Amino acid sequence: MIKIAKTLSAIFHPIAVPLYCALLMYFATSFPCSADIYRDLAFFVLVLFFTVVVPVVSIWYRYRRGKITDLTLSDRRQRHPIYLISLNSAIVGLYLIYLMLGMYLYVLFFTFAVFAFAAITIINTKWKISAHSCGVGIICGFVAMMSFLDINIVFWSVVTLIVAGSVTTSRCILGVHTLGQTVAGFFLGLGLSLIPSVLLWMQL
């Protein structure tokens with residue numbers, strides 16, 4: 001059970017959330033993103049570089065320099081510089097996606113996802129809220145937005161809910177977070193990530 005919990009925590013690390021949402025948008029829905037394969041490739045390169053590569057390299061570099069004690073960032077006080085680097089990198093990536101590719105829907109959604117992780121960064125200075133749970137909450141919010149756009153992804157809606165429950169439970173099993181910390185993280189991520197759907201609904 002512990003091994004499964006560690007595996008789920010690694011696979012659904014908050015760093016990977018923007019990439020998973022991008023993959024869902026392209027391969028799990030009928031939502032047409034682009035007819036240009038080079039433009040699609042540029043999109044994935046930007047997402048991968050600014051939301052995955054930069055944070056991972058930052059963690060590895062600070063670990064090598066002795067600034068953090070372990071790669072999982074178990075000490076919440078050591079997470080703050082990584083959170084700030086990741087947030088700034090994500091903002092730059094979103095700006096380039098907006099400027100170069102004009103993918104407004106993705107940028108709109110992840111603007112609020114950035115707000116969620118910014119809130120996590122601030123809250124973690126006083127209380128250990130779960131960033132993993134926030135991440136899966138954001139994924140659930142993204143699927144909800146895709147569903148709101150009349151895209152039939154019922155299967156993936158169920159899958160994301162199962163994943164969310166599994167990840168939040170895993171964090172509790174590992175003793176990293178309490179039930180309250182995981183629930184708070186999930187609803188923070190879900191709540192802020194549902195705002196784009198509300199904005200779209202108001203425009204109808």
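The values are calculated or read from the model by the stated rules, or taken from the named source; none is laboratory data. On a predicted model such as this, the values are computed, not experimentally measured, just so you know. Cβ coordinates were reconstructed from backbone atoms using ideal geometry, including for glycine residues, and neighbour counts include every protein chain displayed.
Taking the stretch 133-192 on its own, how many of its residues are assigned to a helix (DSSP H, G or I), closer than 23 Å to Ala10 by Cβ and among the small types (Gly, Ala, Ser)?
Qualifying residue count for the region: 11.
With respect to Val176, is the statement that it is surrounded by fewer than 15 Cβ atoms within 10 Å (Cβ to Cβ), farther than 21 Å from Ala113 by Cα and either aliphatic (A, V, I, L, M) or at pLDDT 90 or above (or both) true?
In short, no.
Report every pair of residues separated by at least 6 positions or lying on different chains whose Cβ atoms are under 6 Å apart, first residue within the stretch 48-68 and outside any helix (DSSP H, G or I), second modelled with pLDDT under 90 and surrounded by 15 or more Cβ atoms within 10 Å (Cβ to Cβ).
Ile68/Arg62; Ile68/Gln78
Looking at the stretch 11-27 only, could you name the residues that are without any contact (Cβ under 8 Å) to a residue 12 or more places away in the chain and more than 13 Å from the chain's Cα centre (by Cα)? Walk me through how you get there before you give the answer.
Going through the stretch 11-27, the residues without any contact (Cβ under 8 Å) to a residue 12 or more places away in the chain turn out to be 11, 23, 27.
Within the stretch 11-27, Phe27 is the sole residue that qualifies.
Working only within the stretch 98-132, note down all residues that are assigned to a loop (DSSP other than H, G, I, E, B) and at pLDDT 90 or above.
Within the stretch 98-132, the first condition is being assigned to a loop (DSSP other than H, G, I, E, B), and the residues that meet it are 102-103, 124-130.
Residues satisfying the conditions are Ile129, Ser130.
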